[in-house]
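One structure is given here, and the rest of the page talks about it.
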Amino acid sequence: MDFDSQLNDVGSFGLYQKLVICLILLPATLPCAFHAYSQIFIAAKPEHYCKIPEFQPWINHYRDILKNLSIPIEIRDGTTKYSECKMYNRNYTEISNLWMDKSPNEILINHKHLLDEMKNYEIINCKHGWIYDTSIFPMTVISEWDLVCEKDYYSTMALVVFGISGLIGNYIFGYLQDYYGRKPSFYIYLIFEILSCGLSSLAWNFTSWLVLRFMVGLTVPAILASPYVLAIELVGPTHRVFCTIVSNIAYSIGLTSLAGIVYMIRDWRMLSIAVSMPLLILFMCYFTLPESPRWLVATHKFEKAAKVMKTIARFNGKALPANYESTLKERTMAYENMQNLQSTEKQSYGICDLFATANMTRKTAIITFIWFCITSVYVGLSYYAPSLGGDEIFNFFLAGACELPTYIFLWPSLSYFGRRWILCISMLVGGTACLATFLVQHDQTTTLIFYCIAKMGISSAFVVLPLMASELYPTVVRGLGMSFSQVVAMIGPTLIPIVNYMGSEMIVLPLIVMGVLLLFGGIASFFLPETKNKSLPQTIYDSDSIPLVNPFNIIFSTRRKRQHKQHHQNCSRRQQQQCRETDGDVQICDVCKLEK
């Protein structure tokens with residue numbers, strides 16, 4: 001008897017599971033949402049221009065005049081703007097002395113005269129630092145340490161380092177989770193993440209801040225996976241779609257909540273504390289959050305497993321025998337012995353088994369490629385939200401909020417329409433919306449609408465693909481296949497900040513790149529077979545017997561079906577019963593073949 005059968009003894013989705021998932025595991029996704037994306041505000045790049053020390057006495061009253069006299073105009077993203085990194089090489093001390101005893105009207109008149117002389121001056125790089133726009137963020141990592149112009153790639157480098165640390169963290173904390181269990185590992189991640197982000201508020205230079213952000217990044221993927229894994233291990237197979245949808249809803253709420261925190265707290269040091277220290281409240285749930293009984297049984301910790309199962313049964317109104325620990329142990333050992341008897345020899349599986357046959361190779365390659373596209377674009381769109389123009393905090397809020405209707409639609413759709421077409425259409429719609437921004441790149445409102453459509457499409461795909469992949473990989477390499485695809489996909493978040501950086505001169509360039517990725521991913525998903533209501537493949541042989549979709553077969557099959565339907569109208573009722581359609585293909589009875 002496997003654990004899903006044992007879970008039926010206590011209720012596979014009763015009151016206990018609902019309380020734990022809604023009151024503990026959903027809030028546990030907040031740390032990931034907060035720490036994964038707070039960096040785009042902590043290291044936000046405000047508008048800036050060259051600082052002229054001689055002009056400082058008049059900067060508050062004649063800002064525009066002084067900028068006209070000292071800062072050249074350039075074209076960026078199709079519009080004329082003041083240069084952020086250049087200034088005129090002229091004698092500003094002379095201008096300052098000239099204005100010392102002048103009235104406002106005389107300054108205005110003298111300003112017009114000085115403007116006529118600007119074309120004669122050389123344009124040079126900023127010499128005395130920069131003046132930053134503090135209307136949105138009073139202080140960020142960028143403005144505090146002047147990481148602009150020649151150093152403007154530092155913020156991109158920080159995001160790349162953050163992505164690389166996530167790749168490393170997947171390996172480190174994956175072993176922790178399997179060795180120590182889901183519950184203690186989650187709290188190890190949590191305290192490590194909170195302390196690292198909190199301490200980053202005390203950083204004295206960019207290097208120290210980057211090291212601490214690297215430490216935060218180590219935990220981000222694991223801190224998201226732990227509550228989700230624990231949730232699906234507490235419920236039966238039929239309720240795992242529910243856990244997937246609700247987990248994503250909680251993550252989106254975390255994004256919108258982060259926007260609210262940023263709206264109230266703008267200073268980067270205070271923001272680092274605000275997204276960290278309040279999360280210590282999650283430790284109040286330490287004694288009420290259960291360990292995964294599935295993991296306890298798998299590691300033969302039957303006493304602890306029985307204790308958790310009895311708690312679940314009590315909440316769910318189920319009765320268990322007093323000697324349930326012995327019963328649990330006997331059932332588990334009997335099941336494991338049966339599994340061992342069914343196998344002539346114990347076989348270990350590795351990465352090579354994901355490519356054991358041509359069919360498995362194609363499936364692994366397609367799933368991994370789609371996962372890479374989805375992860376890259378989801379993270380890229382989330383990072384990109386503040387760059388859309390207008391209120392960047394509101395844009396980020398909208399990017400999280402527009403995901404919520406998607407999940408509500410997906411809830412019934414996955415059971416009714418299946419996985420394949422939803423995945424394919426979601427990616428194609430999202431990719432088309434991204435590419436459409438090129439046609440309206442100077443219209444902020446329309447660009448924002450297309451952006452939201454793209455975000456809804458990618459959010460939908462992000463839910464469907466893991467579910468579909470778990471139903472395509474055979475049981476013997478399912479965990480290995482999912483991990484392999486996820487690790488390769490996480491290369492995307494290390495590359496996508498570079499794409500966004502390349503779009504600093506053309507705002508829609510990153511959207512075009514992401515649109516192309518989604519279109520290719522959507523086309524690739526068309527070749528995957530539908531998995532709704534299909535038995536899970538147990539062995540590589542089982543998986544190999546499920547072919548990929550051939551578009552040409554679909555076209556010819558549709559044609560054969562139409563021809564057969566026309567011919568079949570002339571058959572008798574008995575002959576019609578002998579003709580049937582299976583899995584999209586047509587089987588024609590012998591009588592019809594002869595008549596045809």
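Give F409, F397 a once-over and let me know the one that is open to solvent by 20 Å² or more (accessible area, probe 1.4 Å) and more than 26 Å from Q441 (Cα to Cα). Step by step, each of F409, F397 is checked, and only F409 is open to solvent by 20 Å² or more (accessible area, probe 1.4 Å) and more than 26 Å from Q441 (Cα to Cα). Among the residues making up segment 84-93, a single one is hydroxyl-bearing (S, T, Y) and not in a helix (DSSP H, G or I): Y88. Filtered by the rule that a residue be without any contact (Cβ under 8 Å) to a residue 60 or more places away in the chain and under 23 Å from L271 (Cα atoms), segment 158-188 gives V161, S165, I188. When restricted to residues that are farther than 22 Å from L210 by Cα, aliphatic (A, V, I, L, M) and modelled with pLDDT of 90 or more, segment 30-70 contains 0. Selection of helices (runs of 4 or more DSSP H) fully inside segment 344-455 by the criterion of at least 2 residues being touching a residue at least 12 places away in the same chain (Cβ under 8 Å) and among the polar types (S, T, N, Q) returns 358-384, 403-416, 420-436.
Taking the criterion of being aliphatic (A, V, I, L, M) and either under 14 Å from V379 (Cα atoms) or open to solvent by less than 40 Å² (accessible area, probe 1.4 Å) (or both), the residues of segment 150-167 that qualify are A158, L159, V160, V161, I164, L167. Here A433 clears all of (1) buried (at least 22 other Cβ atoms within 10 Å of the Cβ); (2) among the hydrophobic types (A, V, I, L, M, F, W, C); (3) out of contact with any Lys or Arg (no Cβ under 9 Å at 6 or more places or on another chain) except the condition numbered (3). Which of the residues that make up segment 328-345 are at pLDDT 80 or above and either open to solvent by less than 80 Å² (accessible area, probe 1.4 Å) or touching a Ser or Thr at 6+ places or on another chain (Cβ under 9 Å) (or both)? Across segment 328-345, the qualifying residue is only L328. So for segment 298-305 (the condition being crowded, with 17+ Cβ neighbours inside 10 Å, touching a residue at least 60 places away in the same chain (Cβ under 8 Å) and closer than 17 Å to K183 by Cα), does at least one residue qualify? There is no residue in segment 298-305 that is crowded, with 17+ Cβ neighbours inside 10 Å, touching a residue at least 60 places away in the same chain (Cβ under 8 Å) and closer than 17 Å to K183 by Cα. For segment 347-391, the set of residues classified as closer than 30 Å to I42 by Cβ and open to solvent by 40 Å² or more (accessible area, probe 1.4 Å) consists of F372, S387, G390, D391, listed by residue number.
Of I491, I496, I458, I425, all but one fail to be over 30 Å from M157 (Cβ atoms) and not aromatic (F, W, Y); the exception is I425.
Could you say whether any residue in segment 49-68 is under 30 Å from C149 (Cα atoms), under 35 Å from the mean Cα position of the chain (by Cα) and not polar (S, T, N, Q)? Yes: segment 49-68 contains one or more residues that are under 30 Å from C149 (Cα atoms), under 35 Å from the mean Cα position of the chain (by Cα) and not polar (S, T, N, Q). Among the residues of segment 243-276, the ones that are in a helix (DSSP H, G or I) and without any contact (Cβ under 8 Å) to a residue 40 or more places away in the chain come to 2 in all. Inspection of segment 232-241 identifies at least one residue that is surrounded by fewer than 22 Cβ atoms within 10 Å (Cβ to Cβ), on the phi < 0 side of the Ramachandran plot and either in contact with a Pro (Cβ under 7 Å, 6 or more places away or on another chain) or among the basic types (K, R) (or both).
Out of segment 452-473, which residues are farther than 20 Å from T238 by Cβ and surrounded by fewer than 24 Cβ atoms within 10 Å (Cβ to Cβ)? Within segment 452-473, C452, I453, M456, F462 qualify.
Rundown of residues vs (1) among the aromatic types (F, W, Y); (2) part of a helix (DSSP H, G or I); (3) modelled with pLDDT of 75 or more, yes/no style:
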{"position": "I95", "(1), (2), (3)": "no, yes, yes"}
{"position": "L108", "(1), (2), (3)": "no, yes, no"}
{"position": "K127", "(1), (2), (3)": "no, no, yes"}
{"position": "D146", "(1), (2), (3)": "no, no, yes"}
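In summary, helices (runs of 4 or more DSSP H) completely within segment 14-83 and bearing 1 or more residues that are open to solvent by 40 Å² or more (accessible area, probe 1.4 Å) and among the polar types (S, T, N, Q) occur at 63-70.
Among residues belonging to segment 284-297 that are more than 18 Å from Q177 (Cα to Cα) and either touching a helix residue (DSSP H, G or I) at 6+ places or on another chain (Cβ under 6 Å) or in contact (Cβ under 8 Å) with a residue 40 or more places away in the chain (or both), point out the one that is least open to solvent (accessible area, probe 1.4 Å). Among those residues, the one meeting the criterion is C285.
The values are calculated or read from the model by the stated rules, or taken from the named source; none is laboratory data. Everything quoted here is computed from the prediction, not taken from an experiment. No Cβ is skipped: glycine too gets one built from the backbone with ideal geometry, and neighbour counts run over all protein chains shown. Heavy atoms of the whole protein, side chains included, go into the accessibility calculation; ligands, DNA and RNA do not. Shrake-Rupley method; radii C 1.70, N 1.55, O 1.52, S 1.80 Å.
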